[in-house]
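This report refers to the structure that appears directly beneath it.
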Amino acid sequence: MPARVTYPPGVPCWVDTLHADPQAALAFYAGLFGWEFSGPGPMPDPSGKYYVARVAGRDVAGIATRPKGAGPPAWTTYVHVDDAAAVTESARRAGGSVVVPPFDAPPAGRGAVLACPGGAIFGVWQAHAREGAQLVNAPSAWAMSTLRTQDLAKATAFYGALFGWQPQTFGDGANAITLARLPGYVGGTEAQPVPRDVVACMIDAGDAGDGGAVWDVGFWIDDTDAAVRRAVDLGGTVVVPPYDMPMFRQAVIADCEGATFSISQLKMSGS
């Protein structure tokens, strides 16, 4: 079932994006995905606000005020941990860096924002009142995050040491994809095409990744082509036009402030 209640340590659990004009972002994503929002809630920065997006009454993502001096708008993936401060220190020892030191976000939880050795930014989340996304792998909800890196061996070693992820690679060359598996975890559904302990994907970006490693966030959608047209009407831009994969029709979009994300429409067998 796509509904989730809890997340074990090492499983990605939440995504959010920070914008200079969060109200414009709320309008963009409400128009694109039909999201409704609760909030605003407080942020560690007292001048900022945090909004929780919902689908069918379930939390799916966050949109918040981007602090002055922060990097460009982007979607961030958070991994569930038992102790955000301890994992932050482990990441530093493993060759990563600290972007935002551990912070409290009462009553939801405690987090930190880190970067792996390749420079890809991600978060860790120690839950209190909010475990994470309550709906995944459903239309208008987050489905999977994918790391694009120029050094796959270093990335798999780093995330393996930090979260216990075990890599399994399928395909060769430019078509290869590495699944990050967390032994003992059971997610997704019995019908899914990948093992149920898969928690993320990793792709060797090669020469195409000269901008540094990055975590991409992907959402499911009912109709990729219609969503692309809506995104443009709402002030977004098309980064990668719709294209077909064996099981999905996908596209990459930048929102009204330039934060990129992918959308995927599950295709029926034989379509």
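The values are calculated or read from the model by the stated rules, or taken from the named source; none is laboratory data. Computed from a prediction, not measured in an experiment: that's the story for all the values here. Keep in mind that these areas ignore ligands, DNA and RNA; they rest on the heavy atoms of the full protein, side chains included. Shrake-Rupley method; radii C 1.70, N 1.55, O 1.52, S 1.80 Å.
Given a 1.4 Å probe and the protein chains all in place, what does the accessible area of ASP216 round to, in Å² to the nearest 10?
About 40 Å², ignoring ligands and nucleic acids.
Would you work out if region 213-265 is rounded, prolate or oblate? Take a ≥ b ≥ c from the square roots of the eigenvalues of the alpha-carbon gyration tensor; rounded if a/c is under 1.5, else prolate when a/b is larger than b/c, oblate otherwise. Write down the numbers at each step before the final one.
Working: a/c = 2.03, a/b = 1.17, b/c = 1.73.
It is oblate, given that a/c is not under 1.5 and a/b is not larger than b/c.
Using a Cα-Cα cut-off of under 19 Å, which lysines could be cross-linked to LYS49, ignoring same-chain neighbours fewer than 8 residues away?
Of all the lysines, those that pass the test against LYS49 - Cα under 19 Å, at least 8 places apart if same chain - are LYS68.
Stokes-Einstein diffusion coefficient for region 123-186 at 20 °C in a medium of 1.002 mPa s, Rh from the Kirkwood formula over Cα pairs: what value in µm²/s? Write out the running numbers ahead of the final one.
Details: Rh = 14.1 Å.
It comes out at roughly 152 µm²/s.
Any chance you could check the Cα centroid distance between region 49-118 and region 211-250 for me, in angstrom?
Centre-to-centre (Cα) distance: 24 Å.
At 0.36 nm per residue, minus the direct Cα-Cα distance, what do ASP244 and VAL186 gain on full extension? Give it in nm, one decimal, please. Mind dumping the intermediate values first?
On the way: separation 58, 0.36 × 58 = 20.88 nm, distance 2.83 nm.
The span from ASP244 to VAL186 would gain 18.0 nm if fully extended.
Accessible surface of GLU36 in the full protein assembly, 1.4 angstrom probe, to the nearest 10 Å²?
130 Å²
Which shape class applies to region 64-126: rounded if a/c is under 1.5, otherwise prolate when a/b exceeds b/c and oblate if not, where a ≥ b ≥ c are the square roots of the Cα gyration tensor eigenvalues? Mind dumping the intermediate values first?
Details: a/c = 1.86, a/b = 1.06, b/c = 1.75.
It is oblate, given that a/c is not under 1.5 and a/b is not larger than b/c.
For LYS267 and GLU89 in the same chain, what is the full-extension length gain: residue separation times 0.36 nm, less their Cα-Cα distance, in nm?
Values: separation 178, 0.36 × 178 = 64.08 nm, distance 4.25 nm.
Stretched fully, the LYS267-GLU89 segment lengthens by 59.8 nm.
Keeping all protein chains in the complex and leaving out DNA, RNA and ligands, what accessible area do you get for CYS256 with a 1.4 Å probe, in Å² to the nearest 10?
Roughly 50 Å² of CYS256 is accessible to a 1.4 Å probe.
Based on the inverse mean of 1/r over its pairs of different Cα atoms, what is the Kirkwood hydrodynamic radius of the chain, in Å? Numbers along the way, then the final one.
On the way: mean 1/r = 0.0532 Å⁻¹.
This gives a value of 18.8 Å.
Which Rg and Dmax, in Å, describe the Cα atoms of region 83-231?
So, for region 83-231, Rg and Dmax equal 16.3, 46 Å respectively.
Per residue and in Å³, how big is the convex hull formed by the alpha-carbon atoms of region 1-117?
Output value, Cα hull per residue: 123 Å³.
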